[in-house]
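One structure is given here, and the rest of the page talks about it.
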Amino acid sequence: MASSIEFLLKQLWVLNEQDGIQQSMRRCSHTMDGIATFDPSKKIKLSPMLRERFRCAYEWENAAIGQTWLGLDKVAIASDDTQIRKHYDLRVQNWTHAPPAMTTPSRTAIYGINTERREATYLAWPAEDEEPIICALYGGQFDIFKNLKRYLEFLAGDRCHDDSEEILPHVPLSVDEVVTKAREDGGLER
């Protein structure tokens with residue numbers, strides 16, 4: 001498992017280079033004990049896949065869909081940032097049928113961020129699962145994956161779709177309902 005994460009990370013780096021994406025990476029130089037959540041009093045132990053990701057690519061600027069994948073130190077800072085927290089709270093209020101609203105703040109962490117476009121990727125641990133669900137929000141949509149490996153496979157082109165059919169409850173929601181609710185809650189300008 002761990003070697004497949006490392007392979008997929010390297011594959012994504014090469015694909016980004018081929019696409020001309022300016023990227024940079026910082027390697028880990030300290031102990032990795034856990035990841036901060038949106039509950040300031042709670043850290044979650046790193047799963048095997050996350051441990052491998054942070055070992056190979058601790059922090060990665062422009063890793064995927066214009067987002068920077070944060071290092072553990074920056075996850076802790078970002079979780080407490082007013083703007084990031086505001087956007088997280090709006091997503092929880094407006095997208096009640098999808099992560100990050102499907103778990104509590106103590107079971108949700110920020111993974112990647114693009115502050116200019118207000119896009120983010122979250123980790124969500126349902127129940128006591130060891131590996132978190134990955135929820136990438138970008139361009140007004142989201143993709144959800146059962147784990148990091150499946151997300152990396154999608155980014156590398158080895159997987160054609162996300163895992164939302166298997167993960168999400170089937171809640172019919174029209175585009176008009178989503179837009180109206182977002183405007184009412186102040187999350188969307190006219």
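FYI, it's all coordinate maths here, none of it is from the lab. Computed from a predicted model, the values in this text were never measured in an experiment. Ideal geometry is used to build each Cβ from the backbone, glycine not excepted, and the neighbour counts take in all protein chains shown.
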- Message: Please list 3J(HN,Hα) in residue order for the range 70-78, calculated via the Karplus relation 6.51 cos²θ - 1.76 cosθ + 1.60 where θ = phi - 60°; whole Hz, with x for glycine and proline.
- Response: 6, x, 4, 5, 6, 4, 4, 5, 5
- Alpha-carbon radius of gyration plus Dmax, which is the widest Cα pair, for the chain in Å: 16.1, 48
- Query: What is the count of Lys pairs in the chain whose alpha carbons sit under 21 Å apart, if the two are 8 or more places apart or on different chains?
  - Reply: 12
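With an 8 Å Cα cut-off and a minimum separation of 6 or more residues, compute the relative contact order for the chain in percent.
Values: 301 pairs, mean separation 34.6, N = 190.
So the answer I get is 18 percent.
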- Item | Inter-site label distance for residue 168 and residue 33 at 7 Å from Cα along Cβ, in nm | 3.8 nm
- Message: Whole angstrom only: what separates the Cα centroid of the range 72-103 from the Cα centroid of the range 1-57?
- Response: 19 Å
- Task: State the extension gain, in nm to one decimal, for the chain segment bounded by residue 146 and residue 7, taking 0.36 nm per residue of separation less the distance between their alpha-carbons.
- Result: 48.2 nm
- Rounded to 10°, Cα long-axis angle of helix 2-18 versus longest principal axis of the chain: 80 degrees
- Query: Where in the range 35-61 does the amide nitrogen come within less than 20 Å of the point 7 Å from the Cα of residue 104, taken along Cα to Cβ?
  - Reply: 35-47
- Task: Please work out the FRET efficiency for the pair residue 128 and residue 160, using the Cβ-Cβ distance as r and a Förster radius of 35 Å; give the result to the nearest 0.05.
- Result: 0.70
- Query: To the nearest 0.05, what FRET efficiency results for residue 19 and residue 116 with a Förster distance of 22 Å applied to their C-beta separation?
  - Reply: 0.70
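Over the range 1-90, what relative contact order in percent results from Cα pairs under 8 Å that are six or more residues apart? Write out the running numbers ahead of the final one.
Values: 104 pairs, mean separation 26.9, N = 90.
Relative contact order comes out at 30 percent.
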